[in-house]
Amino acid sequence: MTMSAPLTAQPLAASNTLPGRIRQGLIAAGVCVACWGGTLVWWRVSARVPAPREWMTLLFGLPSALLLAGVAGRAWIARRAAAPAAATPAVSARPSGAAAQPVRAQHLAILATALRSPHGDSAEELAAVIADNKARPDLDDELVDGDGGPVMCARCPDARDDALREDVADWLAAHGIADPLFGDEQWRALTLATAVASELAGRAAIEWIVRDEAAPTLLVLPLLPADWSAAQRDAAAAWLRQTAAQAGWQGEIGQAAVDADPAAGIARLADVAAAGDGSSVTLVVACASHVGADTVARWALDRTLFTATQPQGMMPGEGAAGLLLVKSTDGSAGALLAPIVEDAPIDARRRDGARVLKELAERALARADVAAAGVAMLVADTGHRSRYVLELMEYASGGLRQQGAGVDVVRVGAAGGYSGIVSFVTALALASHYAVTRQAPILCIANEVPGRRLAALVRPAV
């Protein structure tokens, strides 16, 4: 069975082009050599002795005229190319009444992050495993494909908790919530999400106790898989709010609208935060699990499961990732999240994925007020499937290459298998860690989320 490439921080090669002055000097020397060589050959063939004015014109005047003509032609072409861009007014990627406000004012402060991934329970732990090149899916001991062979997947060790399942079922029944009929994979996802929500709510509670301030409203934004039913999403959201209360949060706990499309939910994150009173805290938690016999059977039937004969299939993954966000900060946050931009996915038959990513990333960088040359890393949800890997690396090598330097690329999906929007939220959590440790902006991209392409920039708060 062919195994996927391990997840590594992949530096892009530096540009091999010559500096501008050396290149121009070589061109000038080439023109002179060509003119002089042609003149000497012409004199020898014609067997004549040139007059002083003639050799001065041919040896010095002709090269100078050609070089001046080249410079003038290049300047004319540059002016003609710049004229349409100058005449076309800039169009906002997402028009709104707040477009005239400073871009920095739209950033959200990241107070904390939390993860439950197959390779770590924090951004710091996952980053360390990535640095050691040990983060990758593996052959599973329980799941088998249609041929009876073991399945490559990424399993979280703490995703099964029978005691928690009983607690959730009892709590739902006690509050008149009908049995949502969670399957095994959904229970695994909810178990991981509970751990993330509890950790973040507990850290938020301690934060406001230390501040000695009244706790503001805590908005819980669950990002749940699109194939969950409305009853399952509502039940999970109610339980996650209860989890925040159990973790010690003393203020009001509200719920942001639970969108059936988790990608749409993360894309409108700024709008969710803006809906608060300015001091509210937003707890974002994404979860998913595809580690189960049902998913393996369904993917095998659809020919979307990774096997030795289907190397472009998906590897089952699972996990949960969360962010604790506020609209403003007094310096306690380490990183800032710029508004997330989104775009529709490109048609699989088209081959302009890198161009689409470039345009999307340019919008994200513009909203963050950061130049591409300032980006230190690219963290993406991309897994092992070659189409997505190639378009990501093509964009990175062309859109983020810096003169004399490289940009590290981390592919979260190559470590944790396929887990939908969880990989992108994990990328945001990792970016917060990298932004603080590197003190530089980090670009995040999602190009494997069904129905969306997403991009955002995370920068250090200071």
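Among 113-125, 226-238, 191-203, what's the highest-first ranking by average C-beta atoms within 10 angstrom per residue? Please list the in-between numbers first.
On the way: 113-125: 22.2, 226-238: 17.9, 191-203: 24.5.
In decreasing order of mean packing, 113-125, 226-238, 191-203 become 191-203, 113-125, 226-238.
Which shape class, rounded, prolate or oblate, goes with the range 97-249 when its Cα gyration tensor gives a ≥ b ≥ c as root eigenvalues, a/c under 1.5 marks rounded, and past that a/b bigger than b/c marks prolate?
Working: a/c = 1.82, a/b = 1.27, b/c = 1.44.
Note, shape of the range 97-249 comes out oblate.
Under Stokes-Einstein, with the Kirkwood radius over Cα pairs standing in for Rh, what whole-number D in µm²/s applies to the range 104-460 at 4 °C and 1.567 mPa s?
Stokes-Einstein gives a translational diffusion coefficient of 63 µm²/s.
Extending each Cα 7 Å along its Cβ direction at R303 and D179, get the distance between those two points in nm, one decimal.
About 3.9 nm separates the two model spin labels.
Could you work out how much longer the chain between A373 and V33 gets when fully extended? Use 0.36 nm per residue separation minus the Cα distance between them, nm to one decimal. Don't skip to the end; give the middle numbers.
Working: separation 340, 0.36 × 340 = 122.40 nm, distance 3.80 nm.
Separation in residues times 0.36 nm, less the Cα-Cα distance, equals 118.6 nm.
Given the Cα-Cα distance of A257 and K134 and 0.36 nm per residue of separation, how much length would full extension add, in nm?
Details: separation 123, 0.36 × 123 = 44.28 nm, distance 3.76 nm.
Value of the extension gain: 40.5 nm.
Extending each Cα 7 Å along its Cβ direction at S122 and A231, get the distance between those two points in nm, one decimal.
4.1 nm
Sort 251-259, 288-296, 377-385 by packing, meaning the average of other beta carbons within 10 Å per residue, with the highest value first. Could the numbers behind the result be given before it?
Details: 251-259: 16.7, 288-296: 21.9, 377-385: 26.2.
The peptides rank, most packed first, as 377-385, 288-296, 251-259.
All of the numbers you see were taken from the coordinates with simple rules; none came from a lab. On a predicted model such as this, the values are computed, not experimentally measured, just so you know. Please note: Cβ atoms are built from the backbone with ideal geometry, for glycine as well, and neighbour counts cover all protein chains shown.
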